[in-house]
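Participant: Please see the structure below; I have some questions.
The values are calculated or read from the model by the stated rules, or taken from the named source; none is laboratory data. Please read all numbers here as calculations on a predicted model, not as lab measurements. Ideal geometry is used to build each Cβ from the backbone, glycine not excepted, and the neighbour counts take in all protein chains shown.
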Amino acid sequence: MRFSHFTLCFVVLLVFLPTFSAENAGINSRANNGCICHGASDSTTEVILHNLPNNWTANTTYNLSIEIIGESSDNSGENFGGFRLLFSHGELVGGDDVQSMDDGMTHTSDGNDQRTWDVQWISPEDDSKIAHITLHGNAVNGDGSTTGDAWSSWETDLWGVNATEADVPDQPDAMVFIALGVVIIGLGFAYHFVAVAPKKK
């Protein structure tokens, strides 16, 4: 059985239609690194997570508020804004206009018509951990396209009251790279004098 080009295009559209229309009803794990469907991150948009504690205690519920401030249309209406919030530890609980999706929190279809949302974070039982937080927010102008939309990201580490430096993920020491560079340069000189220089005599 042979398919026409029209039939093939129609089938492809049916397959990808849920992906294309998913943003209005929430942002899934495809946006864990940002709202890349809307282009590059825009510094004119600010994403804020209000009411974070300086340090968190175990088994505690924190009431948080998400706010997006952007230069795109400030008039409320359909397709006005969206977000994706990720915590490396603990549990996120949604209220009105927010929902859990792919181990993160995002807006619902009704919650797409605003730029502020309330969520709850329930801290884990072990307050010696450091929770990494990532928030992506998109200020949408509501014209149905990605043009004129502006998204941005914010992230931080939130320490439990008993967390220590030992709980911080290891970062490469700058001195290691310097030492490695010196060794490579030294090997280059050694190779030159041992293998190259004698041949020129």
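Participant: Can you name the residue in the range 66-77 that is at pLDDT 75 or above and more than 17 Å from His132 (Cα to Cα) and, of all such residues, is surrounded by the most Cβ atoms within 10 Å (Cβ to Cβ)?
Facilitator: Restricting to residues being at pLDDT 75 or above and more than 17 Å from His132 (Cα to Cα), the top hit is Ile68.
Participant: Here is a further query. Residues of the range 33-55 being at pLDDT 70 or above and among the polar types (S, T, N, Q), which ones?
Facilitator: In the first step, residues of the range 33-55 are kept if they are at pLDDT 70 or above; the result is 43-55.
Matches in the range 33-55: Ser43, Thr44, Thr45, Asn51, Asn54, Asn55.
Participant: Within the range 119-141, take every residue that is touching a Gly at 6+ places or on another chain (Cβ under 6 Å) and modelled with pLDDT under 95 and give me the one that is surrounded by the fewest Cβ atoms within 10 Å (Cβ to Cβ).
Facilitator: Filtering the range 119-141 for residues that are touching a Gly at 6+ places or on another chain (Cβ under 6 Å) and modelled with pLDDT under 95, the one surrounded by the fewest Cβ atoms within 10 Å (Cβ to Cβ) comes out as Asn141.
Participant: Still on this model: Return the residues of the range 78-97 that are under 18 Å from Trp154 (Cβ atoms) and either modelled with pLDDT under 95 or in a strand (DSSP E or B) (or both); say none if nothing qualifies.
Facilitator: Hits for the range 78-97 are Gly81, Gly82, Phe83, Arg84, Leu85, Leu86, Phe87, Leu92.
Participant: Something else now. Being of a type in the set (Gly, Ala, Ser), at pLDDT below 95 and within 20 Å of the chain's Cα centre (by Cα) is true for just one of Ser153, Ser145. Which residue is that?
Facilitator: Testing whether each residue is of a type in the set (Gly, Ala, Ser), at pLDDT below 95 and within 20 Å of the chain's Cα centre (by Cα) leaves just Ser153.
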